[in-house]
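Asker: I'd like to ask you about the structure that follows.
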Amino acid sequence: MKKIFALVLAVLTVLGLSSAAFAATVYNASDLAGLLNGGIVISGGNGGYGSLYGTGLENLFGGLVDANGNKIYDSVYTSWFDACPKDTCDGTAIFYVENGRIKWICTKCDSSGVIGGSGTDSGSGTVHTAVFCKTCGKSDMLVPVNHTVKDGKYYDVYYCSRCDQLTYVENKVPSAGSADYYGLEQTMSCLKGCGKTATLKGYVIKDNQLYAQYECPNHHTFDVRVDNTYYSGGSFYRGYTIQVVSATGGSYYLDNSSARYGDSRTVYFYPAEGYVLSSVTVNGVDATVRDNKVTFIVTGDTVVRPSFVKTISYKDFTITAKTNGNGSVSASKNNAGLKSAATVTAKNADRVVYNFYPASRNYRVSDVKIDGKSQGAIGSYTFTSLTANHTVEVTFSWINPYCDVEAKYLSAVEYATEAGLMGQYNTVGGKTYFSGRSGITVGDLVFALTELSDTAARLNSDADRIAWAVNYGIISKNTNLNVACDVQRACTLVKLYLEALEDLNKVSFTKLNRWDTVRNNAISLNLATGKTFDGNRTLHRYDLASICRLIARLEYKG
């Protein structure tokens, strides 16, 4: 009899027709055999049975008829073959849907029955669910396509090709060995890192997602999300998607953008001309890049994000900076301050900012040159997108408070003024005069020298300065400080002053020879020429400023 069923099903499949459904009447084995062989007719109302008109297959295709040839049920009712619902029977039964209920007939065990929408059939007690399209009410065009979780419930998903609609049928959460997830690993390495093999124990719905629950011999338990599924070859497979984010500067190749848990996938990257692959992240984590490719194990939906950068970005460039005048330069790279601005190494993608600071309010930035080209009196300059080395040159100018300083003495007057050694001489008509040609006294020179040495600011009065000079042998207690200071007297005081500094600070001035004459030392130190020393003229304020600047610039050892 199974061969007869198989033959009928094959014929129906080839012809593309649906088999005839059977009436709600319950038939026995001989009834069914008669039907298939053209021997069943419902005559009148007495339930008698005779012969069908025509052949068995014609009547099977055409529907069930009575003794007068009238159709009782039309062939639009779908039937199919499946295992007998009775647990004790291994035969094949015919199933069909009528008014949303599954009905069946089995010839092997001589049984038949009715299965409700979710009820229990009368023959065996086994629960069967009526599956039919919610739109057309038929099941012949239904194809199982997926499983899903909605609103915390597990559903089988069917597609009706007649209506082009999906039908959701609520089902129980599958067991550990369910064929619904045939492709899911029954065992896998423990995700808790113990090295043992974990076994699939079952499924559970959490947070409106379906999870597979595993446990290893060390009693480590973990869940793996499995609600992403696809249908292939008659089985359901849990699948994950792999997305590669496109990036400027290159392309990629991925053979398969879907995978199961534990599958290995490799993405190949192809940098465009002038670019290199700098990094790749897989789900936000830096991945190991070898030969412009990344290989990873799939454990869920995966996002691969490459980063291509221009080749020039890897080259180091140098920025050098120098200053003219009294002021300083600072530099920062990518908002981080640098210890020195003299030489900065940076790449194409770096942002380097230079800031220019005058030494005091009496100075200003007069010009900034970048690579030799003037940028004007600016306070800062920023380098971005470096493609070459650069130079920065900053010039600071003194804001001269005097109206009468001669050009050749400007640097000396600037030093003496900013060091606090000298100041204005007088003010006339709202103008400030340095009066550089005004003569100086011995006291003017002594006070300037002692102030020049007072780095700790301990000499707070003229008396303190005189006492310091006497104590270190620069002058005597009887020295007249009010007399005009000439060249020879000034050179003598400077020699004694420098010797005192050597003793105090344990240093040695390179151009000072304390055992030589004052004249020779004056010439060696550039205090005076031989002609000037011998001429022995009186000194003026320009001379005093020049002496102070010269002493401050002397080189020494130690």
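The values are calculated or read from the model by the stated rules, or taken from the named source; none is laboratory data. It should be emphasised that the depicted structure is a prediction, and the values quoted were computed from it without experimental measurement. A quick note on method: Cβ atoms are made from the backbone with ideal geometry, for glycine too, and the neighbour counts reach across all protein chains shown. SASA here: full protein model, heavy atoms, side chains in, ligands and nucleic acids out. Shrake-Rupley method; radii C 1.70, N 1.55, O 1.52, S 1.80 Å.
Asker: Over the Cα atoms of region 299-338, each weighted equally, I'd like the Debye log10 I(q)/I(0) at q = 0.20, 0.27 Å⁻¹, rounded to two decimals.
Answerer: -0.88, -1.06
Asker: Of the heavy-atom accessible surface of region 471-516 (probe 1.4 angstrom), what whole percent is carbon and sulfur? List each step's numbers first, then the result.
Answerer: Values: 1180 of 2630 Å².
Of all accessible area on region 471-516, carbon and sulfur atoms account for 45 percent.
Asker: Share of antiparallel DSSP beta bridges in region 239-328, in percent to the nearest 5? Can you show the working numbers first?
Answerer: Details: 22 of 25 bridges.
Taking every DSSP beta bridge within region 239-328, about 90 percent pair in antiparallel fashion.
Asker: Right, something else. How do 519-528, 506-515 rank on mean C-beta neighbours within 10 Å, highest first? Provide the component values of the computation, followed by the final result.
Answerer: Details: 519-528: 18.5, 506-515: 12.5.
Per-residue Cβ counts within 10 Å, averaged per peptide and sorted highest first, yield 519-528, 506-515.
Asker: I've got another one for you. Counting only DSSP beta bridges with both residues in region 256-381, tell me the antiparallel percent, nearest 5.
Answerer: On the way: 33 of 33 bridges.
Of those bridges, close to 100 percent are antiparallel.
Asker: Which distance in nm do the two modelled labels at VAL289 and ASN208 give, with both placed 7 Å along the Cα-to-Cβ direction?
Answerer: 3.8 nm
Asker: At q = 0.13, 0.18 Å⁻¹, what is the log10 ratio I(q)/I(0) for region 270-415, with the Debye formula run over Cα points and no solvent?
Answerer: Values, matching the q order: -0.73, -1.02.
Asker: Let me ask something else about it. Where the Cα atoms of region 425-542 are projected onto their three principal axes, how long is each span, largest first, in whole Å?
Answerer: Its Cα atoms span 50, 38, 27 Å along the three principal axes.
Asker: Kindly provide log₁₀ I(q)/I(0) values, in the same order as q = 0.12, 0.13, 0.21, 0.22 Å⁻¹, from the Debye equation applied to equal alpha-carbon scatterers of region 350-486.
Answerer: Each listed q corresponds, in turn, to -0.70, -0.76, -1.24, -1.30.
Asker: What is the projected area of the convex hull of the Cα atoms of region 419-494, averaged over all directions, in nm²? If you can, show how the numbers build up before the last one.
Answerer: Working: hull surface 24.0 nm².
Its average projected convex-hull area is 6.0 nm².
Asker: Starting from the Cα gyration tensor of region 502-558, multiply each eigenvalue by 5, take the square root, and state the resulting semi-axes largest first in whole Å. Could the numbers behind the result be given before it?
Answerer: Values: eigenvalues 97, 44, 14 Å².
Its equivalent ellipsoid spans semi-axes of 22, 15, 8 Å.
Asker: What pairs from LYS511/LYS557; LYS86/LYS172; LYS172/LYS196; LYS333/LYS373; LYS369/LYS408 go past 19 Å between their alpha carbons? Write out the running numbers ahead of the final one.
Answerer: On the way: LYS511/LYS557 10 Å; LYS86/LYS172 21 Å; LYS172/LYS196 30 Å; LYS333/LYS373 23 Å; LYS369/LYS408 25 Å.
Among LYS511/LYS557; LYS86/LYS172; LYS172/LYS196; LYS333/LYS373; LYS369/LYS408, the Cα-Cα distance tops 19 Å for LYS86/LYS172; LYS172/LYS196; LYS333/LYS373; LYS369/LYS408.
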